[in-house]
Structure formats: C-alpha cells, structure tokens
Amino acid sequence: MVSKRNFIKTLLITAAMPIKINANSLVISASSSPSNIAKPDDYWAKIREEYTLKPDYINLENGYYSMMAQPVLEAYLKDIRNLNREASYYMRTVQFDEKNKTKNQLAELVGCNYDELIITRNTTESLDIIISGIDWKKDDEAVMCSQDYGSMLDMFKQQSKRFGIVNKIIEIPLDPKTDEEIVDLYAKAITPKTRLLMICHMINITGQILPVKKICDMAHNKGVDVLVDGAHAIAHIDFKISDLNCDYYGSSLHKWLGAPLGSGILYVNKNKIKSIWPLFGELAYEDTDIRKLNHTGTISVPSDIAIRHAIEFHTAMGIKRKEERLRFLKTYWTDKIKNEPNIFLNTPSDPQRSCGIANVGIKNMKPSDLAQILMFEFKVWTVAIDSANVHGVRITPHLYTNTDDLDTFVMALKTIAKRTK
C-alpha cells in the first residue's frame, strides 16, 4: 500500500511543470477552522513527515532560512535537471514564460498587481534597490528604527556618506500597549525634510508586528513615502500588500514560504516606479515599467520556478491555519516561562502583536553564551541577538515543530535560569 507521504512525492515528481499538489493529500478539511486545527500535534505530525529533519538537534532557528518541504525540494531538483538537459535553448525560450507564470502566482499570493512586482533574490536586495534608487538630495531625511535589519541600516549610512542625507533612528518599545504608541513615535520623527520611512512589518529580532497600515496612512498624510521590510511576513501571517497602503514592500520567500534559498520579491506602487533609478543599468524598458529594476544578469531560473511549488504546498494548508499554528507554538512555550525567575521576554505580551517569532533572554547572561549552552548541552539550535534594546535568543519554530520539541526547549531554559543569579 502506498503511504500518504510517498503519494505526495510521486504526484510531484511525475507531473509536468507546473507541479500540482493535491490539497486532500495534506488532510486539510475545509470545515476545520484555523483555531481548531492549530493545536493538535497529531494533525501537524502529518505535515512534519513532509520534511527531512536532522536528528542531531531541535531546529528553532527557521527564521533565517526555512528548509523546503520534501515534495517541493524534489520538484525543484526535477526543474534543475530539466534546465540542465535543455541548457541554452531553455534559457532563450522557455524560461520567460515559466518566470511569468511564477510572477503571476506571486502577485495573486501577496495581493498586488502583476506589473508592480519583480522577483529578487532576497529582502536585502529588494530594499537596497529602493534605498539606492531614490534621487536623494543633501539634507533629505530618512526615518528608521534601531531594531531594523542591520544591512538596511548600513545601506542608509552609505547614502548618508554619498549624498549627505540625514538618518533619524527611533527605538520601538518591546511591549507597546497600543498601535498609536508606535505610530506616534514615527510621526514625531517626521519633519518637512523627511522623504522616506522604513518600517518592519514584523521585526526580525523580536517578532513584533507593527501596525503598517496606520503608519502608512499617517506618513502619507505628511507627504512621506513608506518602505516596508516584510522579510518575515509573507506566508507567515494573513494579509495582502494592497491592504497596507505602502509604497514599497520587500520580502524573502526562502523563509516562511519554503522556497529555495535566494528567492525574494519587491513590490513598487505603480505611481512610484518612474522615480526609482535601477540598481544596474537597464534601458530596454520604459521608466514606468517595473522590469527596469530587475536587470540582474543570468540567475538560477529553477529557483524562480520552484517558488510555484512552494506556493502550492503553502496554499494546500492555507495561510490562516498556518498563522494560527505558528502563533500557537509561540504562545505555547512563552506561556510556560513568562513568570519564571531570571527569564525575560523581548516580545510583546499581547499574542496578537507577534506570531511565530519570539525572543527570550536570561538575566546576567550574554545571548551568545545562552545560545551556545542551548546548542551544545541541550541540542537546541537558536540564534543570539545582542543589539539595539534586544538581548536574548530568537526562537523561530516551524510547521514541523511539535510541542515535545518546545517542552525540551522550555526545560533547558528553566535549567539554565536556575544556575544564573
């Protein structure tokens, strides 16, 4: 008898592109509400079977790069072999239609127009295209947050050195009580010289979800554009870019969508495309055509095509169920340690202000030491964060993470905390 897992693999590797995943094979009933399906590990054990996990440690660092599900990986490998066989013929003919199909599916997934989206290699590249593409003038101002991704802060520093712009950096509280508390911080930093706000949709080091729509509305009322770092939001929480009212949005697809490493997107509002200079020279397209921003030379086409396989796997589960499961996992372990002596959280206490990502620290212990002890003594893989006002380890479980994994992590935290005074 063919197992459910083998059935999915066979379905993927024998079909022609695009490869379809049967939602029924993932045992998701349309009548199962996201909240009801979020908790039972016996259901998510079926999803866990679709990943090849390393038995050496518990992986709670999925936010950097989340592995592809095995059916997606096998479909991706098939695409690589197909391209390798057809070589230059494929590159000069087939690749364009295939990439356009991917772009169409992505536009539908994230909720924007096809002609406002390009496929990039990651969030950093996407945001760099915008930060470097603005026609900056001396003394122009940009507003950002100390908890923003370091590479993006560095890019703004480079523009300051090159063009003489002024970077204004605010600090986001770790546990805000209202959206307005956050909006007001950005509003107070804006002056008549401010041209751009960069904000995170989900702060990568703490998991805090910012009120993007409210910030964008406020900024636009003051004549300021908004660039959103959505590295961790796509395929993690349920939203559409069209609902945010932002001007620019960048994200990585190798994180929560489970696409191949080096997959990302950039959204640019149609009215803003003309004003952005391409990162690389491109004269084949009109100034109003977003494709002018996508001239990167020869890249790995199978990576772009495999985004479709990842979308199909993701869609079979449904974003609402996925979001609820990830939030349940975060709440499960944070509830067990939030009142423990010597342990502190760097993530908002309101469960709706974060989803799967959280950050935890132990008093009087360096984050790097905590991460090392967790890995080498307890076989739990995390990443240390020691910047801005955040000092702890980031915890990013995935769909294959179960409550036993989290119980092991909680036990480790409590054991370490008892040793520390």
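Hey, what do the phi angles of the stretch 389-401 turn into as Karplus ³J(HN,Hα) couplings, whole Hz, using 6.51/-1.76/1.60 and θ = phi - 60°, x for Gly and Pro?
Residue by residue, the stretch 389-401 yields 10, 10, 9, x, 10, 7, 10, 10, x, 10, 4, 7, 5 Hz.
How big is the stretch 321-419 by the Kirkwood estimate over distinct Cα pairs, in Å?
13.5
With contacts defined as alpha carbon pairs under 8 Å and 6 or more residues apart, what's the relative contact order of the stretch 86-310 in percent?
Reported as a whole number, the value is 26 percent.
For the stretch 86-241, I need the span (max minus min coordinate) of the C-alpha atoms along each principal axis, in Å, sorted largest to smallest.
Computed over the stretch 86-241, the largest-to-smallest principal extents equal 56, 37, 28 Å.
If the convex hull of the alpha-carbon atoms of the stretch 164-239 is projected onto planes in all directions, what is the mean projected area in square nanometres?
5.5
With runs of 4+ DSSP H residues as the only contributors, calculate the mean residue ellipticity of the chain at 222 nm using -39,500 (n - 2.57) per run, divided by the residue total and rounded to the nearest 500.
-13000 deg cm²/dmol
Taking +1 at the Cβ of each Lys and Arg and -1 at the Cβ of each Asp and Glu, which of Thr178, Gln70, Asn100 sits farthest along the dipole of the chain towards its positive end, judged by Cα position relative to the Cα centre?
Towards the positive end, the residue furthest out is Gln70.
Residues with amide H under 5 Å of Val166's amide H, sequence separation 5 or more or different chain, H placed in the peptide plane at 1.01 Å from N; which?
When sequence neighbours closer than 5 places are left aside, the close amide H contacts are Asp139, Asp140, Glu141, Ala142.
Taking GluC sites (Glu not before Pro) as exposed when DSSP calls them loop (any state but H, G, I, E, B) and at most 15 other Cβ atoms lie within 10 Å, what is the longest stretch of the chain free of them, the sites themselves excluded? Mind dumping the intermediate values first?
Working: sites that count: Glu171, Glu282, Glu286.
Here the longest segment lacking exposed loop sites spans 1-170.
Near the amide H of Met365, under 5 Å away, which other amide H atoms are found, from residues 5 or more places off or on another chain, if H is placed in the peptide plane?
Amide H to amide H, under 5 Å and 5 or more residues apart or across chains, Met365 pairs with nothing.
Checking the cross-link filter: which aspartates and glutamates have an alpha carbon closer than 14 Å to that of Lys320, excluding same-chain neighbours under 8 positions apart?
Of all the aspartates and glutamates, those that pass the test against Lys320 - Cα under 14 Å, at least 8 places apart if same chain - are Asp238.
Given +1 on the Cβ of Lys and Arg, -1 on the Cβ of Asp and Glu, and no further charges, what dipole in debye does the chain carry about its Cα centre, rounded to the nearest 20?
For this selection, approximately 520 debye.
For a 19 Å ceiling on Cα separation, which of these pairs sit above it: Lys193/Lys292; Lys336/Lys366; Lys54/Lys330; Lys366/Lys421; Lys222/Lys272; Lys255/Lys338?
Lys193/Lys292; Lys336/Lys366; Lys54/Lys330; Lys255/Lys338
Using DSSP to call loops (not H, G, I, E or B), can you name the trypsin sites (Lys or Arg not before Pro) in the stretch 102-185 whose Cβ has at most 12 other Cβ atoms within 10 angstrom?
Lys137, Lys138, Lys177
What number, in percent, do you get for the relative contact order of the stretch 321-419 if the mean sequence gap of Cα pairs under 8 Å and at least 6 apart is divided by its residue count? Don't skip to the end; give the middle numbers.
Numbers: 145 pairs, mean separation 30.8, N = 99.
It rounds to 31 percent for the stretch 321-419.
Apply the Karplus parameterisation 6.51 cos²θ - 1.76 cosθ + 1.60, with θ equal to phi minus 60°, to every residue of the stretch 284-300 and state each ³J(HN,Hα) to the nearest whole Hz, in sequence, with x for glycine and proline.
7, 10, 5, 4, 8, 9, 4, 5, 5, 8, 10, 8, 10, x, 6, 10, 7
At a threshold of 8 angstrom on Cα-Cα distance, excluding pairs fewer than six apart, so keeping six or more, what relative contact order does the chain reach in percent?
Over the chain, the number comes to 22 percent.
For the stretch 127-207, take N as its residue count and report Rg(C-alpha) divided by 2.2 N^0.38 Å.
1.10
Name the lysines eligible as straight-distance cross-link partners of Lys101: C-alpha to C-alpha under 17 Å, and not fewer than 8 places from it in the same chain.
Lys20
Given q = 0.13 Å⁻¹, what are the Debye log10 I(q)/I(0) values for the chain, with equal point scatterers placed on the Cα positions and solvent ignored?
So the normalised log intensities are -1.19.
Where the centroid of each part is defined by its Cα atoms, how far is the stretch 238-271 from the stretch 108-122 in Å?
If you average the Cα positions of each part, the centres end up 6 Å apart.
A short reminder: the numbers here are calculations on the coordinates, not readings from a lab. As the structure is a prediction and not an experimental result, all values here were calculated from the model. Ideal geometry is used to build each Cβ from the backbone, glycine not excepted, and the neighbour counts take in all protein chains shown.
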